[in-house]
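Working notes, structure below.
The values are calculated or read from the model by the stated rules, or taken from the named source; none is laboratory data. Source: prediction; values computed, not measured. For neighbour counting, all protein chains shown are included, and Cβ atoms are generated from backbone atoms with ideal geometry for every residue, glycine included. Just so you know, the surface numbers come from the protein's heavy atoms only, side chains and all, with ligands and any DNA or RNA stripped out. Shrake-Rupley method; radii C 1.70, N 1.55, O 1.52, S 1.80 Å.
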Amino acid sequence: MPIYMQIIINIVFSYVASVGFALTINVPHRALNLAGISGTVGWMVCWFITKAQMGRMLSNLMGAFVIGILGLFFARIKKCPVTVFNIPALVPLVPGVPAYQAVRALVNGNVFDAEASFLRVGIVTCSIALGILLATMFTEMFYRVKKFYRKRKIKL
């Protein structure tokens, strides 16, 4: 399949997944499109980094970081809580297949395979959480520095 077709498919399905989950958890209608855009951009960052073979952990970390930055930015624009944008946008990054494989291996009695899959799920989950945390920290630091220099400029 050509790369442009893969990109189009990933964009469409990540948007549909984010907006669909946003509808499920009753996100306000004024925030639906931005939640979908945030999910799409985060997934595409994750997908491109994965295609560059930089690892699953780094790709999910960067995807969650971009989602966190966009969520904070969109929350200021729409005057909504950040979770309205972050939670639906993180849906494409959730490691559903490895979690399913881990439970399936555990039920079949393959403890070693289940352990490896659970470890993979844990690493991806921690990298997603760390990406959101770093986005919040960097944004907070940016606004504090901006406020500091604004106050300093007024005093001079």
TODO: Find the residue count for the stretch 15-56, including only residues that are farther than 15 Å from Gly71 by Cβ, small (Gly, Ala, Ser) and assigned to a helix (DSSP H, G or I).
DONE: 2
Open item on the list: Would you confirm whether or not the stretch 65-80 contains a residue that is touching a residue at least 12 places away in the same chain (Cβ under 8 Å) and assigned to a loop (DSSP other than H, G, I, E, B)?
Closed with: yes
TODO: Looking for whichever is part of a helix (DSSP H, G or I) and without any contact (Cβ under 8 Å) to a residue 60 or more places away in the chain here; the options are Ala116, Ala129, Ala135. Which one fits?
DONE: Ala116
TODO: Considering only residues that are in contact (Cβ under 8 Å) with a residue 24 or more places away in the chain and among the polar types (S, T, N, Q), look in the stretch 36-62 and name the one that is farthest from Arg76 (Cα to Cα).
DONE: Asn60
Task: Out of Asn33, Asn26, sole residue that is without any contact (Cβ under 8 Å) to a residue 12 or more places away in the chain, of a type outside the set (A, V, I, L, M, F, W, C) and surrounded by fewer than 16 Cβ atoms within 10 Å (Cβ to Cβ) - done: Asn26
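Each row is one residue, and each column tells you yes or no for (1) within 13 Å of the chain's Cα centre (by Cα); (2) buried (at least 21 other Cβ atoms within 10 Å of the Cβ); (3) within 14 Å of Ile128 (Cβ to Cβ).
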| residue | (1), (2), (3) |
| --- | --- |
| Phe13 | no, no, no |
| Ala22 | no, yes, no |
| Gly39 | yes, yes, yes |
| Phe48 | no, no, no |
| Ala52 | no, no, no |
| Leu58 | yes, no, yes |
| Ala64 | yes, yes, yes |
| Ala89 | yes, yes, yes |
Open item on the list: I'd like the residue in the stretch 115-156 that is hydrophobic (A, V, I, L, M, F, W, C) and over 24 Å from Leu90 (Cβ atoms) and, out of all such residues, is least open to solvent (accessible area, probe 1.4 Å).
Closed with: Val145
- [ ] Return the total of residues in the stretch 94-114 being surrounded by 13 or more Cβ atoms within 10 Å (Cβ to Cβ) and either among the hydrophobic types (A, V, I, L, M, F, W, C) or farther than 28 Å from Ser14 by Cα (or both).
- [x] 9
